[in-house]
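Before any comments, here is the structure.
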Amino acid sequence: MAKSIKKGDDVVIIAGEHKGARGKILQVIPAKDRVLVEGVNMRKRHEKRTQDSEGGIVEREAALHISNVMLQEKWEARSKN
């Protein structure tokens, strides 16, 4: 796993369906080498009603593999050359 990527970092998606998208890291899942990026790879989930929420269809971020993500500073430095 890339140790340089952590929660709160600004990143760019460098491969896959969402290539070029930017966002903040919401969560890092080191055991699976995956990250959740804010506003990227949105999926619809059917949630059951609980005491706190009404339930229904909710859009949430799905995990991306960490190799498809690069820190925004590194991406911008790379594109300047």
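Computed about the Cα centre, the dipole magnitude for the chain is approximately 220 debye when only Lys and Arg (+1) and Asp and Glu (-1) carry charge, each at its Cβ. For Lys32, the lysines whose Cα comes closer than 24 Å to its Cα, not counting residues fewer than 8 places off in the same chain, are Lys3, Lys6, Lys7, Lys19, Lys24, Lys44, Lys74.
Size descriptors for the stretch 10-80: radius of gyration and Dmax over Cα atoms are 14.6, 51 Å. Set the Förster radius R0 to 30 Å, insert the Cβ-Cβ distance between Lys74 and Lys32 as r into 1/(1 + (r/R0)^6), and round the FRET efficiency to 0.05. With a Förster radius of 30 Å, E is 0.85. By the beta-carbon count within 10 Å of each Cβ, the least crowded to most crowded order of Arg43, Arg34, fewest first, is Arg43, Arg34.
Across the chain, Cα pairs under 8 Å and at least six residues apart give a relative contact order of 30 percent.
If you bin all the Cα-Cα distances of the stretch 40-81 at 5 Å, starting from zero, the percentages per bin are 6, 17, 15, 14, 13, 9, 10, 8, 5, 3, 1. With neighbour counts taken as other beta-carbon atoms within 10 Å, the residues Val12, Val58, Val28, Val35 rank, fewest first, as Val58, Val28, Val12, Val35.
The helix-based estimate of mean residue ellipticity at 222 nm for the chain, built from -39,500 (n - 2.57) per DSSP H run of four or more residues and divided by its residue count, is -3000 deg cm²/dmol to the nearest 500. From least to most packed, judged by other beta carbons within 10 angstrom and beginning with the fewest, His65, His46 follow the order His46, His65.
Every number in this text was worked out from the coordinates using simple rules, so none of it is lab data. All values derive from a computational prediction rather than experimental measurement. Cβ: placed from backbone, ideal geometry, glycine included. Neighbour counts: every protein chain shown.
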